[in-house]
Each structure stands twice: as structure tokens, then as C-alpha cells.
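Notes for the one structure printed next.
The values are calculated or read from the model by the stated rules, or taken from the named source; none is laboratory data. Being a predicted model, the structure only gives us computed values, none of them experimental. Here Cβ is always computed from backbone atoms with ideal geometry, including for glycine, and neighbour counts include all displayed protein chains.
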Amino acid sequence: MSHTPNDDFPELIETMKRAAAALRDAEVPFLLGGGMAAWARGGPPTDHDVDLLLRERDAELALEALEAAGMRGERPPEGWLLKAWDGDVLVDLIFRPAGGPVDEAYFDRASELEVVALPLLVASTDDVLATKLLAMSEQDPDYRPVLEIARALREQIDWALLRERVDESPFGAAFFTLAERLRILPDAHETNHRVVPFPTRRARASGDVSGPA
């Protein structure tokens with residue numbers, strides 16, 4: 001089964017490349033996060049913005065680097081991220097996602113992958129799912145993206161660790177009920193070890209943005 005990206009996905013890719021180059025030149029450590037990280041690991045293409053994870057102490061320098069690259073910076077009042085606009089495409093510089101601040105553990109769990117011919121540190125699937133689940137609220141309980149990611153990347157997930165991280169959230173607990181009933185959650189004996197294949201790394205390196213086969 002193939003995933004067909006929306007019409008805006010190539011623009012997201014170009015913005016990701018420009019933002020990554022600007023932060024690399026400014027020597028700001030960062031991770032590709034959110035839906036783009038899931039896509040880079042073999043999941044479905046995202047139809048949202050470009051999420052970059054970084055330590056809070058680097059956030060202002062990162063925004064300045066993106067502004068120097070021609071993007072329009074924004075400092076929203078929320079206090080857990082900064083934003084930059086590349087035309088109509090949004091880059092979120094996230095330093096304090098739901099579940100706790102970006103720290104060394106995020107970088108330790110990440111993997112260096114080639115994404116459209118760029119070597120990037122990509123957030124772990126566990127971190128992508130945990131931050132999405134912990135950010136859910138009664139006003140926006142949309143499980144479609146997390147279920148799509150979980151089904152596509154089920155062998156890359158440390159299910160026991162993910163349950164530990166999100167189970168106190170009612171939305172995290174509900175996710176596990178859905179994953180079990182939809183037969184996404186592996187059998188118990190399968191969750192005792194973690195397998196992390198990257199079958200689509202070559203396609204990402206070649207610049208194919210059509211999603212995994």
C-alpha cells in the first residue's frame with residue numbers, strides 16, 4: 001500500500017531542507033520531529049508543518065538563523081516553542097513539548113538517517129508518539145495521525161516504554177485500547193525486544209517523497 005502526499009508536501013520538504021541547512025550552518029543541534037520524523041522512518045507523509053526539536057538554550061539562536069535565511073520569525077505566548085514562516089509553510093522550533101523539555105535523552109534516542117539526501121538526526125518513533133499523545137486534549141482528540149504512524153512503524157516502537165510514558169494520560173490509555181482492538185499492538189512476547197529496521201532509507205536518500213511502498 002502506498003501513501004500519496006498532499007499537494008503541499010513537496011513544499012514541506014523544501015522548507016525542511018532550508019531550515020536544516022540554516023541550523024547546521026549556525027551550529028545549532030536539532031532533531032527532525034513530528035510527522036516529518038515519522039515519514040523519514042517509513043511512515044505516512046504529513047500534511048502539517050515542519051517540527052524541529054532542540055534544547056531551550058538554543059531556541060533563540062535557531063530562530064535568528066532561520067530569520068537570517070529569509071524566514072519570518074514569531075515568538076508566540078505559549079512559551080514552549082518558537083515559530084518561523086517560510087512563505088506559507090510553518091517551522092515549529094519546539095523545546096518543551098508535552099511530557100517534558102527536550103534534553104540529552106531525546107538526542108540519545110534519535111537516529112541519524114539520510115532524508116532526501118540530507119543526513120539528519122531524526123527523533124525516535126517513541127518520542128514522536130509520546131509527544132503527540134500527551135499533547136491531546138478534549139478539544140482535539142484526533143487519533144488518526146498516531147494510529148497511522150503506529151501501524152506503519154509498529155516494529156520500531158518500544159511498546160512497554162511508550163505505555164509507561166503515556167498511560168497516566170487518559171488519551172494515552174485510550175490509544176493503547178485502540179491499538180489493541182485494531183490489532184496494531186504486537187502480542188506480548190513481541191514487545192520484549194525492539195526491532196528497528198529502516199526499509200525506506202534508500203528511497204529517502206534518493207529524494208523520493210512519495211511515501212513508503
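Some notes on this structure:
- Among (1) modelled with pLDDT of 95 or more; (2) not in a helix (DSSP H, G or I), the one test that Ala173 misses: (2)
- One residue stands out in segment 1-27 among those that are of a type in the set (Asp, Glu) and outside any helix (DSSP H, G or I): the one that is modelled with the lowest pLDDT, namely Asp7.
- Ala37 in contact with a helix residue (DSSP H, G or I) (Cβ under 8 Å, 6 or more places away or on another chain), small (Gly, Ala, Ser) and part of a helix (DSSP H, G or I): yes
Residue-wise test of (1) at pLDDT 95 or above; (2) touching a strand residue (DSSP E or B) at 6+ places or on another chain (Cβ under 7 Å); (3) basic (Lys, Arg); (4) closer than 24 Å to Asp8 by Cα.
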position	(1), (2), (3), (4)
Arg57	yes, no, yes, no
Leu61	yes, no, no, no
Glu67	yes, yes, no, yes
Glu74	yes, yes, no, yes
Val91	yes, yes, no, yes
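- Selection over segment 46-56 of residues that are in contact with an Asp or Glu (Cβ under 6 Å, 6 or more places away or on another chain) and buried (at least 23 other Cβ atoms within 10 Å of the Cβ) gives a count of 1.
- Of the residues Ile149, Ile157, the single one that is surrounded by 14 or more Cβ atoms within 10 Å (Cβ to Cβ), of a type outside the set (Asp, Glu) and farther than 15 Å from Gly35 by Cβ is Ile157.
- Of all residues in segment 8-45 being in contact (Cβ under 8 Å) with a residue 60 or more places away in the chain and of a type in the set (Val, Ile, Thr), the one that is surrounded by the fewest Cβ atoms within 10 Å (Cβ to Cβ): Ile13
- Any hit, segment 123-138, residues being of a type in the set (D, E, K, R) and more than 15 Å from the chain's Cα centre (by Cα): yes
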